[in-house]
Amino acid sequence: MTKTELLKEMAKDLNSAKEAQAALESLLSTITNVLKNGDTVTLTGFGTFKVSERKARVGRNPQTGKEIIIKPKNVAKFVPGKFLKDAIQE
């Protein structure tokens with residue numbers, strides 16, 4: 001599902017495409033800002049968004065085969081909650 005399709009589905013519940021877009025943009029920007037600060041967002045039953053640090057590691061340049069050092073970086077992770085896991089299993 002694309003963002004446009006998601007907005008169409010949300011608009012059915014909210015009775016307005018404008019309200020759906022505002023709600024989605026607000027949710028995404030809030031989650032982004034919280035993760036930028038290094039905090040987690042837990043939506044009980046649905047899941048948890050968190051920041052995880054990926055350590056530095058040795059990789060290979062695929063063109064030359066030469067070893068390179070890949071720098072450490074922070075990545076966003078999502079861990080599904082019980083309700084979401086159970087809903088997918090059905």
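Structure above, values below:
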{"read-out": "Test: residue in the range 76-83 that is among the aromatic types (Phe, Trp, Tyr), at pLDDT below 95, surrounded by 12 or more Cβ atoms within 10 Å (Cβ to Cβ) and within 20 Å of the chain's Cα centre (by Cα)", "value": "yes"}
{"read-out": "Elements of type strands (runs of 3 or more DSSP E) contained in the range 1-60, each with 3 or more residues being touching a residue at least 24 places away in the same chain (Cβ under 8 Å)", "value": "47-54"}
{"read-out": "Selection count, the range 66-81, where residues are farther than 25 Å from Thr32 by Cβ and not in a strand (DSSP E or B)", "value": "1"}
{"read-out": "Test: residue in the range 1-14 that is over 30 Å from Gln89 (Cβ atoms) and either assigned by TED's automatic domain parsing to the domain that holds Gln89 or of a type outside the set (Ser, Thr, Tyr) (or both)", "value": "no"}
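The values are calculated or read from the model by the stated rules, or taken from the named source; none is laboratory data. Since this is a predicted model, take the numbers as computed values, not measurements. Here Cβ is always computed from backbone atoms with ideal geometry, including for glycine, and neighbour counts include all displayed protein chains.
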